[in-house]
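We did not get these values from a lab; they are worked out from the coordinates using the rules stated. If you're wondering where the values come from, they're calculated on a predicted model, not measured in any experiment. Glycine also receives a Cβ, built like all others from the backbone with ideal geometry; neighbour counts cover every protein chain displayed.
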Amino acid sequence: MNPQEVQHVQQSFAGIFARKADLAERFYVHLFTRLPEARGRFRGNFVKQKAMLTAMIAACVRNLDDPRTLEDLGGQLLQAHAHLQLGTQETEAAKRALIAALRDVLGPALDTETETAWASAISQVAGTMTRH
Ligand code: HEM
């Protein structure tokens, strides 16, 4: 990612930080629309799950310009999902769900440049979820 893309992602996320609970809510709506079978795999407290999702997104966004930390976060994601054996279909669904959730929350502020920057950030981090 180039510095301008990092800035697009960080600025847009700063603008919706107060609404991160909405982002998580929309993410799971879109994820379960694309992957209905995933719903039953969530066993814990869903309020806590949403908080963990947004904490992870926030940490990744904050460290987009720090490849070592980003790699560590990717490793944590890999570990958290290892037992689920996620493949490319699930990773693709997660990427699309997050973009769709951003669109719901950001509205027109998700312009083409910002969307491309997010897609690149998501690919960088989510790509590691399927690395076995
Ligand atoms: C943008 C992509 C994703 C992010 C950022 C993300 C983030 C997280 C985080 C932070 C956790 C909590 C880990 C912990 O307990 O410390 C988690 C757990 C989990 N994730 Fe994801 N996830 C993503 C995609 C997916 C996908 C595609 C699935 C599809 C099945 C999935 C299923 C789960 C399940 C089942 C758990 C464990 C919940 C439980 O034990 O009840 N995640 N995820």
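Extension gain for GLN79 to SER123 (0.36 nm times residue separation, less C-alpha to C-alpha distance): 14.1 nm. Above 23 Å, the calculated P(r) of the stretch 3-130 contains 26 percent of its Cα-Cα pairs. Take 114-124, 4-14 and order them by the average number of nearby Cβ atoms within 10 Å per residue, most first; the result is 114-124, 4-14.
In vacuum, with every alpha carbon of the stretch 14-84 counted as one equal point scatterer, what does the Debye formula give for log10 I(q)/I(0) at q = 0.25, 0.26, 0.29 Å⁻¹? Two decimals, please. Results for the stretch 14-84 at q = 0.25, 0.26, 0.29 Å⁻¹ read -1.26, -1.28, -1.31. Across the stretch 61-132, counting alpha-carbon atoms alone, Rg and Dmax equal 12.9, 37 Å. Span-like helix check, the chain: qualifying full DSSP H segments, with Cα axial length of 15 Å or more and mean Kyte-Doolittle of 0.0 or more, are 46-62, 88-106, 112-126. Full extension of the chain between THR116 and ARG19 yields a length gain of 32.8 nm, computed as 0.36 nm times the residue separation minus the alpha carbon distance.
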